[in-house]
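The values are calculated or read from the model by the stated rules, or taken from the named source; none is laboratory data. Predicted model, so just to flag it, every value in this text is computed and none were measured. With ideal geometry, Cβ positions are generated from the backbone for all residues, glycine too; neighbour counts draw on all protein chains shown.
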Amino acid sequence: MTNLLEDRSGARAERADAARNRAKVLKAAERVFAERDPRTVTMVDIARAAGVGRATLYRRYPDPASVAVALLDEHERQLQEQLMFGSPPLGPGAPPGTRLAAFYHAMIDLLDRHLHLALGAETGQPRLATGAYGFWRTHVRELVRASGVGDPDALADVLLAPLAPEVYRAQRDEAGLTKARIADTLALLAQRLLGVH
């Protein structure tokens, strides 16, 4: 049996019980990821916290990382909309270096607020395969292209590397750097590399 039903327009709508279970799972998972090392969270932990059977959980999510991705998705979509349609400097209309600096500040803010989820969803090689990473990469690549500085394809990943969740955690938690210090340093990098030459 599917969790989706067709509405009159032909679009598929989520069943009410499936929507309730999804909301319950995501709320419980948010708590579990926040309370412990996200890399150690199991599907059993999430199912137990949500009060649902493992089969209910596995019907929608294949592993804990996919649950974390679902939680991050809404926050990332909001930032993506600001990048495409928001006011400058985050949105269109500002010079590339200024936009990249604003992007760094927004991403560091997102990481700081949701690091537990990012660590559960986007570390190592799997991070590079997420749709969000693809969006960020395209955005940064286009800023590099617009600046006329260097190879956009090569620089895009280099400029995104400092935003890896494990890098941010090491800087903040192990090196003791503040969120503002990290964001300001990345903004300086953006302005020096992509600013007017």
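Computed values, structure above
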item: Tabulated pairs, segment 51-69, first farther than 13 Å from residue 18 by Cβ and in a helix (DSSP H, G or I), second among the aromatic types (Phe, Trp, Tyr) and modelled with pLDDT of 90 or more, C-beta under 8 angstrom, 6+ apart or interchain; result: 67/61
item: The one condition in (1) touching a residue at least 24 places away in the same chain (Cβ under 8 Å); (2) surrounded by fewer than 19 Cβ atoms within 10 Å (Cβ to Cβ); (3) more than 25 Å from residue 173 (Cα to Cα) that residue 99 fails to fulfil; result: (2)
